[in-house]
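The values are calculated or read from the model by the stated rules, or taken from the named source; none is laboratory data. Here the structure is a predicted model, which is why all the values come from computation and not from measurement. Cβ: placed from backbone, ideal geometry, glycine included. Neighbour counts: every protein chain shown. Each accessible area value is taken on the protein alone, full model and side chains, heavy atoms only, with ligands, DNA and RNA left out. Shrake-Rupley method; radii C 1.70, N 1.55, O 1.52, S 1.80 Å.
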Amino acid sequence: MTQHNLGTAYSDLPTGDRGANLQRAIDCYTAALRVYTEQEFPQDWAMTQHNLGTAYSDLPTGDRGANLQRAIDCYTAALRVRTEQEFPQDWAATQNNLGIAYWNLPTGDLEGNLQRAIDCYNAALRVRTEQEFPQEWAETTANIGLVEWTIARERTDDWQGRGWDREQMWDRAEQHLEQAITTFRAIGHAHQVEKSERQLEELRAERGA
């Protein structure tokens with residue numbers, strides 16, 4: 001438990017070198033997993049795997065593709081315990097973070113990675129409803145918009161069979177960001193409103209360029 005908490009402290013530390021802090025967090029989480037085994041402490045193991053995945057996803061140093069693949073492996077492992085039926089909120093959080101990792105993954109099949117990201121976000125929204133979890137719903141909805149924006153920007157004629165019309169993707173990306181902004185504003189999350197409004201402005205500028 002101490003190693004896990006130490007890892008969380010390093011991960012959240014706002015001062016010092018971000019890369020070094022996250023590497024220390026990774027070392028602590030990895031040490032904790034020597035005791036937190038899936039067989040003996042499944043919930044603690046899954047929580048640590050999730051947090052380790054987030055540390056790798058945020059790590060600004062090293063090989064970005066390799067770091068994100070490690071994050072994906074950690075999140076996927078955590079989902080063996082964090083099932084939708086038994087731990088729905090934890091499951092949804094891990095699905096959301098897995099979607100972020102796939103969206104950012106610079107290696108492999110870009111089209112496939114983006115589809116996996118959308119699939120993860122849509123899965124998370126089965127739990128993260130606007131009525132019960134408005135903040136989490138808005139965060140995941142905004143994330144879907146960012147993937148759709150990426151698809152609109154990157155789509156090529158080689159991408160077949162997914163129904164990804166470029167103009168429709170521009171429209172859907174705008175709509176999802178607008179929906180997220182409305183909910184963020186309703187619950188008083190000014191920082192998230194500002195962030196999503198900035199993203200929406202950038203999207204519209206890029207679309208009109």
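Side notes on the structure shown:
- Shape of the range 1-75, Cα gyration tensor, a/c cut at 1.5: oblate
- Protection-proxy order for peptides 183-189, 60-66, each taking the mean of Cβ atoms within 10 Å per residue, highest first: 183-189, 60-66
- Net lengthening on full extension, ASP119/ARG204 (0.36 nm per residue, minus Cα-Cα): 28.1 nm
- Exposed GluC sites (Glu not before Pro) absent - longest run of the chain, DSSP non-H/G/I/E/B, at most 12 other C-beta within 10 Å: 133-209
- Label selected from (1) 13.0; (2) 11.8; (3) 11.1, the criterion being mean projected area of the Cα convex hull in nm² as computed here: (1)
- Toward the positive end of the charge dipole of the chain, with +1 on the Cβ of Lys and Arg and -1 on the Cβ of Asp and Glu, the farthest Cα among THR107, THR156, ALA92 is that of THR107.
- Charging the Cβ of each Asp and Glu at -1 and of each Lys and Arg at +1, and nothing else, the dipole of the chain about its Cα centre rounds to 280 debye.
- Å² of accessible area per residue within the chain, as computed with a 1.4 Å probe and no ligands counted: 51 Å²
- When the surface is traced with a 1.4 Å probe over the full set of protein chains, ASP109 keeps roughly 90 Å² accessible.
- VAL35, VAL81, ranked by accessible area, largest first (probe 1.4 Å): VAL35, VAL81
- Accessible area of ILE181 in the full protein assembly, 1.4 Å probe (Å², nearest 10): 10 Å²
- Modelled label positions at GLU84 and ASP58, each set 7 Å beyond Cα in the direction of Cβ, lie 2.8 nm from each other.
- Extension gain, ASP171 back to ALA186 (0.36 nm per residue minus Cα-Cα distance, nm): 3.1 nm
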